[in-house]
1. Give the residues of segment 122-154 that are part of a helix (DSSP H, G or I), of a type outside the set (G, A, S), open to solvent by less than 40 Å² (accessible area, probe 1.4 Å) and over 25 Å from G18 (Cβ atoms), sorted by residue number.
2. Go through (1) in a loop (DSSP other than H, G, I, E, B); (2) more than 30 Å from S141 (Cα to Cα); (3) within 13 Å of the ligand (Cβ to nearest atom) for Q78 and report which single condition fails.
3. Of the residues L71, L57, L88, which is open to solvent by 10 Å² or more (accessible area, probe 1.4 Å), of a type in the set (A, V, I, L, M) and away from the ligand (no atom under 12 Å from the Cβ)?
4. Please work out which residue is farthest from L205 (Cα to Cα), limiting yourself to segment 118-165 and to residues that are of a type in the set (S, T, Y) and modelled with pLDDT under 95.
5. In segment 171-207, what count of residues is obtained for those that are open to solvent by less than 90 Å² (accessible area, probe 1.4 Å) and not in a helix (DSSP H, G or I)?
6. Within segment 1-30, take every residue that is of a type in the set (S, T, N, Q) and under 19 Å from H79 (Cα atoms) and give me the one that is most open to solvent (accessible area, probe 1.4 Å).
7. Determine if segment 91-108 includes at least one residue that is within 11 Å of the ligand (Cβ to nearest atom), β-branched (V, I, T) and within 30 Å of K199 (Cα to Cα).
8. Which condition number in (1) open to solvent by 20 Å² or more (accessible area, probe 1.4 Å); (2) in contact with a strand residue (DSSP E or B) (Cβ under 6 Å, 6 or more places away or on another chain) is the one that L33 fails?
Amino acid sequence: MRVERGYFITFEGADGCGKTTQQKLVAKWLDELNIQNILTLEPGDTDLGKNLRQILLHYDKPVANAAEMFLYLADRAQHVKYVIEPALKNKKIILCDRFIDSTLAYQGYARGEDIKEINFLNKIATEGLEPDLTIVFDVDSKTAQERLGQEKDRLESEGMEFHKKVRNGYLEIAKNNPHRIRVVDANRGIEEVFLSTKKIIGELLKL
Ligand code: TMP
């Protein structure tokens, strides 16, 4: 099967929403259809990004909100230039775990950084590149926390209030970007969620 151009698809949602599992299932499905795809993620898919990810998820001293935001943006700028843009030029389907909406949901809606300013900074980091499609995996915050288990990184260790703000932030972002974002009910089992995911991506790629 041939797909005529590259597509940029992002997987978003609060920690524990199951987006990474869905991303991998989509890659396997596209592989079976012989459609070239790449799996990528933020933060941490480039060499520079791997160092930033280590700091972002495991630095154990206080981090200023703005410092956190700029580190995610730095990772994104590097990722767009050296991974996403080249893959799009090569007509790949890019399956990306987190992108601009994570900064809006976490640093904006949950930490309280200004949304308009994040939109502006995201544009600089991405040179204006937006996903063709974003799927937000929406899950009840309690269920998400239970799925995470005991070993949590710096962001995952934030309290329930923080994660509720992340979830509501995503729903708000989806409402404001209906042309690009679809919300999937991720409270259901993996197979059911995958059926919804497949349908949405199938429509985009005309499969
Ligand atoms: P991951 O666990 O999905 O790999 O994501 C790493 C963590 O980073 C997750 O808790 C969400 C957070 N994050 C932000 O706070 N802002 C961002 O811009 C991105 C990309 C991730």
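1. Of everything in segment 122-154, just one residue is part of a helix (DSSP H, G or I), of a type outside the set (G, A, S), open to solvent by less than 40 Å² (accessible area, probe 1.4 Å) and over 25 Å from G18 (Cβ atoms), namely T126.
2. (1)
3. Details: L71 fails: away from the ligand (no atom under 12 Å from the Cβ); L57 fails: away from the ligand (no atom under 12 Å from the Cβ).
Within the list L71, L57, L88, the selection yields L88.
4. So in segment 118-165, the residues of a type in the set (S, T, Y) come out as 126, 134, 141, 143, 157.
Still in the running and modelled with pLDDT under 95: 141, 143, 157.
Details: S141: 31, T143: 31, S157: 37 Å.
It comes out as S157.
5. 11
6. Step one: of segment 1-30, the residues of a type in the set (S, T, N, Q) are 10, 20-23.
Next, from what is left, pick out any that are under 19 Å from H79 (Cα atoms): 10, 20, 23.
Values: T10: 0, T20: 51, Q23: 9 Å².
My answer is T20.
7. The initial filter retains those residues of segment 91-108 that are within 11 Å of the ligand (Cβ to nearest atom), namely 96-108.
Remaining after also requiring β-branched (V, I, T): 100, 103.
Next cut, within 30 Å of K199 (Cα to Cα) only: 100, 103.
Checking segment 91-108: at least one residue is within 11 Å of the ligand (Cβ to nearest atom), β-branched (V, I, T) and within 30 Å of K199 (Cα to Cα).
8. Evaluating L33 over (1) open to solvent by 20 Å² or more (accessible area, probe 1.4 Å); (2) in contact with a strand residue (DSSP E or B) (Cβ under 6 Å, 6 or more places away or on another chain) leaves (2) as the failure.
The values are calculated or read from the model by the stated rules, or taken from the named source; none is laboratory data. Remember, it's a predicted structure, so these values are computed and weren't measured experimentally. Virtual Cβ from ideal backbone geometry, glycine too; neighbours counted across all protein chains shown. Only protein heavy atoms, including side chains, enter the accessible area calculation; ligands, DNA and RNA are left aside. Shrake-Rupley method; radii C 1.70, N 1.55, O 1.52, S 1.80 Å.
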